[in-house]
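Since the structure comes first, as structure tokens, the remarks are kept for the end.
The values are calculated or read from the model by the stated rules, or taken from the named source; none is laboratory data. This one's a predicted model, so the numbers in the text were calculated from it and none came from an experiment. Heads up, the Cβs are rebuilt from the backbone with ideal geometry, glycines too, and the neighbour counts pull from every protein chain shown.
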């Protein structure tokens, strides 16, 4: 039998429980979670799942393709600011002294681009600006080479997430110009022109977002090379969908040609018939006979 609660007992204080943090993207209460964002009308449900990933895109893509997702570094540029007043300077790694001195007043920033590879094919190109203000985090990220997504799992922290923009086709210029560091020194990002898999940039899907935990802030631009990947899955990885699309395109072209030839033949027959009728009527007029004869 439970002991009776004293009448003068004061309510318990749960000061150790953090206050719920809501964002314009996601809100929740004890029983309900809601995602709210002005998605482009063309975006599908599967695409929204990938676009909503909060530092765990590798896990989401691995679950979708049922294959490992591997991070491949394309380039990285690291800068160090020795004092709040000094300009950022290039940082050559490894540099244990600089790593140990990382702090809010002496931050380390890195601009990097990586490919998320699945079966050797680029499933996503991610260009990031990372700001580090802690020696421990600098060690994990710059020396142990943890990728951004793995950093949150390694530190056992859920990042604050802000989805800044989403788009279809080429990345709009104003998004890239907001941060000049997003400009790639190479042409392999797939943001402009055709992607490495031969898909047109018109097929791209992209998003720009922020991830933040204490001492580790990231702003990321991700470009998915083709929306077909979210429809065809394994067939997209193997290239079978491109063969099928090519076959459908060839069939469509051949059908158009056949229809065009049929139309040309029809018009030719009509033209010949018109010429014959005109010749017949001309012969009748020449012989003095009426073209149209009626019986009375």
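Kindly check whether there is at least one residue in segment 33-40 that is assigned to a helix (DSSP H, G or I), over 13 Å from the mean Cα position of the chain (by Cα) and within 30 Å of residue 21 (Cβ to Cβ). No, because not a single residue in segment 33-40 is assigned to a helix (DSSP H, G or I), over 13 Å from the mean Cα position of the chain (by Cα) and within 30 Å of residue 21 (Cβ to Cβ).
When the residues of segment 122-144 are filtered to those that are out of contact with any helix residue (DSSP H, G or I) (no Cβ under 9 Å at 6 or more places or on another chain) and within 30 Å of residue 234 (Cβ to Cβ), the one that is surrounded by the fewest Cβ atoms within 10 Å (Cβ to Cβ) is 122. When the residues of segment 58-84 are filtered to those that are loosely packed, with under 13 Cβ neighbours inside 10 Å and at pLDDT 95 or above, the one that is farthest from residue 147 (Cα to Cα) is 66.
Residue-by-condition table, conditions (1) under 23 Å from residue 224 (Cα atoms); (2) part of a loop (DSSP other than H, G, I, E, B); (3) in contact with a strand residue (DSSP E or B) (Cβ under 6 Å, 6 or more places away or on another chain):
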| site | (1), (2), (3) |
| --- | --- |
| 68 | yes, yes, no |
| 71 | yes, no, yes |
| 84 | no, yes, no |
| 110 | yes, no, yes |
| 113 | yes, no, yes |
| 117 | yes, no, yes |
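Residue count for segment 43-77, restricted to those that are more than 14 Å from residue 207 (Cβ to Cβ) and out of contact with any helix residue (DSSP H, G or I) (no Cβ under 7 Å at 6 or more places or on another chain): 15. Within segment 135-177, take every residue that is out of contact with any strand residue (DSSP E or B) (no Cβ under 7 Å at 6 or more places or on another chain) and assigned to a loop (DSSP other than H, G, I, E, B) and give me the one that is modelled with the lowest pLDDT. Only one residue fits best here, namely 172. Residues in segment 152-172 include at least one that is free of Cβ contacts under 8 Å to residues at least 60 places away in the same chain, within 20 Å of the chain's Cα centre (by Cα) and on the phi > 0 side of the Ramachandran plot.
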